[in-house]
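No value in this document is a laboratory result; all are computed from the given coordinates. This one's a predicted model, so the numbers in the text were calculated from it and none came from an experiment. So basically every Cβ, Gly included, is an ideal-geometry build from the backbone, and we count neighbours across all protein chains shown.
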């Protein structure tokens with residue numbers, strides 16, 4: 001074989017080797033892409049079976065206003081919008097509806113009692129839109145609501161989370177509007193005691209748990225509500241489905257339509 005023929009054969013062999021090498025690289029790249037997509041699906045938006053968090057795992061919190069129309073079971077804790085982040089405030093509207101909007105802070109129960117003292121004869125329903133807050137104040141507010149025989153309601157498209165459902169449970173009638181959300185998670189005392197609990201922390205956590213359970217029983221609410229709260233980490237939120245709210249007797253009546261504004 002001539003030198004030219006040998007060179008031609010060698011180049012042909014090298015060409016086959018290059019084709020095989022790039023074919024292998026293409027298959028490997030496709031496998032890596034598929035694996036990356038699977039990992040993203042598992043660890044990102046779908047980090048739990050049957051769960052749709054409110055936000056991807058990007059480190060950014062989701063505003064409460066972005067809660068989806070049909071929330072799933074366990075979601076990333078939404079951050080309250082600027083209105084809900086403010087200490088709870090009260091506004092009396094037509095039809096005896098007292099709007100209670102904002103975070104329940106230390107002293108909120110006293111502010112609520114003052115509002116009831118001022119307008120109690122007109123109040124029929126306390127409408128809640130709150131991310132929760134102080135458990136002690138929430139319990140006091142709920143007990144006053146029951147003592148005055150007010151109804152409670154969560155307005156359409158708003159939400160009531162953390163300790164807010166304790167206030168909601170005080171209503172003699174409890175109503176939830178369309179797309180409203182009720183969610184629970186561990187209270188701060190339980191979160192603290194879950195790390196490296198001291199005797200004092202454990203005692204505080206048990207005391208809070210017992211008080212909340214006793215309160216819910218007195219209000220006629222199934223204790224599964226509190227069990228869900230204790231099972232859910234403080235940075236997450238367990239969302240109840242509409243049929244569960246009724247089955248657990250947390251919701252007792254369909255929502256009322258607010259009175260129409262008079263025509264001019």
Original post:
Counting only DSSP beta bridges with both residues in region 80-247, what percent are antiparallel, rounded to the nearest 5?
Top reply: 30
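Can you tell me how much longer the chain between residue 201 and residue 82 gets when fully stretched, taken as 0.36 nm per residue apart minus their C-alpha distance, in nm with one decimal? Display every interim value, and only then the final one.
Values: separation 119, 0.36 × 119 = 42.84 nm, distance 3.20 nm.
So the chain would gain 39.6 nm between residue 201 and residue 82.
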Original post:
For 160, 212, what ranking results if the residue with the fewest other Cβ atoms within 10 Å of its Cβ goes first?
Top reply: 212, 160
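So how do 237, 74 line up by other beta-carbon neighbours within 10 Å, fewest first? Kindly include the intermediate steps, with their values, before the conclusion.
Numbers: 237 28, 74 21.
Neighbour counts put them in this order, fewest first: 74, 237.
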